[in-house]
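The values are calculated or read from the model by the stated rules, or taken from the named source; none is laboratory data. Worth saying up front: this structure is predicted, and the values here are computed from it rather than measured. Virtual Cβ from ideal backbone geometry, glycine too; neighbours counted across all protein chains shown.
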Amino acid sequence: MTSFVLNGKAVQTDADPATPLLWVLRESMGLTGTKYGCGMAQCGACTVHLDGQAIRSCVAPLSRAEGKHVTTIEGLSPDLSHPLQRAWIEIDAPQCGYCQSGQIMSAAILLKENPKPTDNDIDEAMSGNICRCGTYPRIRRAIHRAAAMAAEGRTK
Amino acid sequence: MTAAGLDRREFLRASAAVGGGLLISLYVPELELARAQSPATGGKVFAPNAFVRIGTDEIVTVIANHSEMGQGVYTSLPMLLNEELEADWSKVRVEPAPVDAAYNHTAFGIQMTGGSTTTTSEWERYRKMGAAARVMLVQAAAQQWNVPAGSCHVEKGVVIHAASGKKASYGSLANAAAAIPVPSNVPLKDPKNFITIGKKVRRLDTPSKTNGTAQFGLDVTLPGMLTALVARAPVFGGKVVSFDASESLKVPGVRTVEQVPSGVAVIASGFWPARLGRERLKINWDDGANAEISSTKMLADFSSQSASPGLVAKKAGDPVGALAGAAKKITAEYDVPYLAHAMMEPLNCVVDLRADSCEIWTGTQFQTGDRANAAKVAGLAPEKVQIHTTLLGGGFGRRANPASDFVMEAVNVAKAAKAPVKVMWTREDDIRGGWYRPMWHDRFAAGLDANGEPIAWTHTIVGQSIMEGTPFEAFGIQNGIDSASVEGAADLLYGIPNLQVDLHSPKIGVPVQWWRSVGHSHTGFSVEAFFDEVAHAGGKDPYQLRRKLLAKQPRMLGVLDLVAQKAGWGKPMPAGRGRGIATHFSFDSYVAQVIEASVEKDGTVHVHRVVCAVDCGRVINPDTVTAQMEGGIIFALTAALKTEITLENGRVQQRNFHDYPMLRMFEAPAVEVFIVPSEEKPTGVGEPSVPPVAPALTNAIFAATGKRVRRLPIRSSDLAAGAEVKS
């Protein structure tokens, strides 16, 4: 039995601890916002947070989550209020949308660690996330916009 | 509407919605008769053909007959309808249409999404639906108030009688409106009165794409559903001789392993056991006829084939004579590889097959064909098969498969599974799964007059036909010429008096398919890069020579001049940078681009800036047009700089994003998009930004380095200091 905290709630599963976390989240926990793209940590579509770090859940065995906090896109905010979600909507960043959960989860760690990222910082933090629709220019804009929104929030 | 739409007798019909409200449907007498007589419906007439549902709760649901794969149709179709309906936009929702002939593409005659044609197909129909509903709602209010309908107007979902101050919401009128006869031929608005069309509207689907609630095919779950992976032949067309599943069946969660026409299906409780089970399968394959295929050898074969002309697709003047008499002659050969679509969401399909029904959930671009093909496999009438179209995690043409490969396979697996089943493709399955953009070879010769201007142009194309053997063959192939092989070449816009474009269509056992911009994805590159060679050979500025030869093409000239001005053509740049220019006409839209690039000593290419001008007729949602230009440019840069599918011994040599790499954030240039205002009819935007990218880039590399790239993807080894470009 593996126990961890998923989006703030204690959960348990009897899935094989070697199973990649991605499939436990999607198939056992029913949280399908985290996507499969490559299965070898090449594309970032499966990005989630493990104790505040961005990880690729397609290659992280379930056992790595034991006793830890896992946050998925569903747990980022209850009501689309996270600055990244607001900025994504304002700028209409997604096209097909399939990679965007992973993009947002990577960007969330970037902003947490670096509230005012430069373009180079964004390149460094976001180059593990592929977007086949080519929304990179908008994702870049949206991250800058979210950083500004978060800064406004802090000064209020 | 197009001729196909007008040929069919079609009427709008209103009915009461289940649970109250107004439905506006398309009524086609022939279809209705067929339904009434069909044993599949037991003679019961139903009407799954609504385009809009107005609920008593004020919610306006627009039914989208085209698939949403990122191109924004789940916003633009509601915009078209609501331009006439004028409901409160915050109450507008969208849902996918079921499969029904009422939803057929107005030009293609089947229900499908492709060819950058959603707006051109639906531009009139969706507005007509909205207009009819509005007129009926107004009529219902006027009857209630006992006033002339003409004295009422609408504002944001409310009918208003200004003289009396009476108001009624659409929701409160919906039931009464359902009893009103449907008006015929409601005049559509004069475009100068548009309130929504042409203005930036935020996408309806973005919120669901930022919190994980957007439902793609991969996200569909049914009670008792199993998950399957199929082991497919390592060589296209290969067959299973025998297999040993004993090790697979030992994996906890693997339920059964079954042979299906496309290979061996491992059917399990979830993805991971299915994958482990598939890894442990031992299969003895008969490789069949394609085990010798080598793309290296094809490259040489295509080149030698191109030395003699093929079937003539276009001829003007006397190209041979003009070439012979030219003051200067240049020749060149261009190559592009097979390419996989590599949508971020790998293919998948959920099937619930019962004795007398088959329900399918998948992200498809090809509903009519998929339903017919699924019905054949299921042994059911097509009416017994329903397809629930989910969001598509990218399409790029792959999900409009003329053979319904992933849908038919999934129905076959469902037959074997005897339970609802989700068939998934891994990324490796996707990259190795075929249905590629064909490999192409283009051989050119041009003759220049004494002034350095081209007077003769010959172009021989070698590559597989996409449409041969598909339901599209009848209209897509004329006199042996597949129009998708020569598009963008045979319809050259440049005024060159002596011209020939001809085609060889070798038969090769690698399945090929449309890939974003189809034939234009090679002709855009080769034609525009060779045109640059012609300009330089004649000592001409590539922009000015284009201007001169496009004198009779005002709309292309418009985008060309706009892009040159915005890019600062001819103005100084940082040292080491080159600027390249290209144009291309595709999907009835005009695009011109300028790219600034530089090349490091080791041959690494940097794309600094892309400037794009587009004329796609009247624009529905300008931000969508901009997004499609941006996205198409990034997509095309991946093809220009990174990807190729190669085969040796019949086996595909790439398998995942490490060896089929995508452009990433740090490589994505600044993209500037400029839209030419137009009152012409709307034309394509999903694909037209792709073709000019590769030539604008290779022309920029030539400007920066003097090295001419004639083979994609661009190889840094060819561009490194001291290297000779191979072609």
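Strands (runs of 3 or more DSSP E) wholly in region B:161-253 with at least 2 residues that are touching a residue at least 24 places away in the same chain (Cβ under 8 Å) and either polar (S, T, N, Q) or farther than 30 Å from B:VAL264 by Cα (or both) - which ones?
So the answer is B:166-169.
Go through A:THR19, A:THR32, A:THR47, A:THR2 for me and flag whichever is closer than 19 Å to A:ALA125 by Cβ and in contact with a helix residue (DSSP H, G or I) (Cβ under 7 Å, 6 or more places away or on another chain).
Every option except A:THR47 fails the conditions.
Being surrounded by 18 or more Cβ atoms within 10 Å (Cβ to Cβ), of a type in the set (Gly, Ala, Ser) and within 13 Å of chain A (Cβ to nearest Cβ) is the filter; apply it to region B:647-688 and report the residue that is nearest to B:GLY238 (Cα to Cα).
Among them, the one singled out is B:GLY686.
Being buried (at least 23 other Cβ atoms within 10 Å of the Cβ) and of a type in the set (Asp, Glu) is the requirement here; does B:GLU644 meet it?
In short, no.
Do we find that B:ASP301 is charged (D, E, K, R) and under 30 Å from B:PRO234 (Cβ atoms) in this structure?
yes
Step by step: first the residues of region B:312-353, then only those that are in a loop (DSSP other than H, G, I, E, B) and more than 14 Å from chain A (Cβ to nearest Cβ), then the one that is nearest to B:GLN654 (Cα to Cα). Which residue is that?
Taking the candidates together, the pick is B:PRO337.
Would you mind finding the one in B:LYS329, B:LYS376 that is surrounded by fewer than 24 Cβ atoms within 10 Å (Cβ to Cβ) and more than 30 Å from B:SER269 (Cβ to Cβ)?
After applying the criteria, what remains is B:LYS329.
Looking only at region B:214-230, filter to residues that are closer than 13 Å to A:ARG26 by Cα and facing another protein chain (nearest Cβ under 7 Å); which one of those is surrounded by the most Cβ atoms within 10 Å (Cβ to Cβ)?
Per the criteria, the residue is B:LEU218.
Could you list, in sequence order, the residues of region A:30-51 that are more than 10 Å from chain B (Cβ to nearest Cβ), part of a loop (DSSP other than H, G, I, E, B) and touching a Ser or Thr at 6+ places or on another chain (Cβ under 7 Å)?
A:CYS46, the sole residue that qualifies.
Considering each of B:VAL599, B:VAL673 in turn, give the residue that is under 24 Å from B:ASP532 (Cβ atoms) and under 23 Å from the mean Cα position of the chain (by Cα).
Result of the check over B:VAL599, B:VAL673: B:VAL673.
If a residue counts only when it is out of contact with any strand residue (DSSP E or B) (no Cβ under 9 Å at 6 or more places or on another chain) and over 14 Å from B:PHE674 (Cα atoms), which strands (runs of 3 or more DSSP E) contained entirely in region B:530-645 have at least 1 such residues?
B:577-586
Taking the conditions exactly as written (under 30 Å from A:TYR98 (Cα atoms), among the aliphatic types (A, V, I, L, M) and either loosely packed, with under 15 Cβ neighbours inside 10 Å or within 14 Å of chain A (Cβ to nearest Cβ) (or both)), does B:ALA274 satisfy them or not?
Criteria met by B:ALA274.
Report every pair of residues separated by at least 6 positions or lying on different chains whose Cβ atoms are under 9 Å apart, first residue within region A:116-144 and at the interface with chain B (Cβ under 7 Å from one of its Cβ atoms) and on the phi > 0 side of the Ramachandran plot, second charged (D, E, K, R) and assigned to a helix (DSSP H, G or I).
Matching pairs, first to second residue: A:GLY134/B:GLU630.
Residue by residue through region A:1-34, note down the ones that are exposed (fewer than 15 other Cβ atoms within 10 Å of the Cβ), among the charged types (D, E, K, R) and in contact with a strand residue (DSSP E or B) (Cβ under 9 Å, 6 or more places away or on another chain).
Of everything in region A:1-34, just one residue is exposed (fewer than 15 other Cβ atoms within 10 Å of the Cβ), among the charged types (D, E, K, R) and in contact with a strand residue (DSSP E or B) (Cβ under 9 Å, 6 or more places away or on another chain), namely A:ASP14.
Taking region B:58-72 on its own, how many of its residues are crowded, with 24+ Cβ neighbours inside 10 Å and closer than 26 Å to B:LEU137 by Cα?
Selection size over region B:58-72: 5.
For A:LEU110, which of the numbered conditions (1) touching a residue at least 40 places away in the same chain (Cβ under 8 Å); (2) assigned to a helix (DSSP H, G or I); (3) hydrophobic (A, V, I, L, M, F, W, C) fails to hold?
(1)
Would you say B:ALA300 is part of a strand (DSSP E or B) and assigned by TED's automatic domain parsing to the domain that holds B:ASP442?
no
Working only within region B:90-113, note down all residues that are in contact with a Ser or Thr (Cβ under 7 Å, 6 or more places away or on another chain) and more than 18 Å from B:ALA50 (Cβ to Cβ).
B:ALA107, B:ILE110, B:MET112, B:THR113
Which condition number does B:MET629 fail, the rest of (1) surrounded by fewer than 24 Cβ atoms within 10 Å (Cβ to Cβ); (2) touching a residue at least 12 places away in the same chain (Cβ under 8 Å) being met?
The failed condition is (1).
Looking only at residues that are touching a residue at least 24 places away in the same chain (Cβ under 8 Å), surrounded by fewer than 23 Cβ atoms within 10 Å (Cβ to Cβ) and out of contact with any Pro (no Cβ under 8 Å at 6 or more places or on another chain) in region B:409-431, which one is nearest to B:GLN513 (Cα to Cα)?
That would be B:GLU428.
Out of all the residues in region A:71-88, which are facing another protein chain (nearest Cβ under 8 Å) and either closer than 21 Å to A:ILE130 by Cβ or crowded, with 19+ Cβ neighbours inside 10 Å (or both)?
If the condition is that a residue be facing another protein chain (nearest Cβ under 8 Å) and either closer than 21 Å to A:ILE130 by Cβ or crowded, with 19+ Cβ neighbours inside 10 Å (or both), then A:THR72, A:ILE73, A:GLU74, A:LEU76, A:LEU84, A:GLN85, A:TRP88 are the ones that fit.
Output the residues belonging to region A:75-107 that are under 13 Å from the mean Cα position of the chain (by Cα) and in a helix (DSSP H, G or I).
Once the filter is applied, which keeps residues that are under 13 Å from the mean Cα position of the chain (by Cα) and in a helix (DSSP H, G or I), region A:75-107 yields A:GLY75, A:LEU84, A:GLN85, A:GLN100, A:SER101, A:GLY102, A:GLN103, A:ILE104, A:MET105, A:SER106, A:ALA107.
Does at least one position in region B:197-209 carry a residue that is away from chain A (no Cβ under 14 Å), under 30 Å from B:ILE675 (Cβ atoms) and of a type outside the set (D, E, K, R)?
yes
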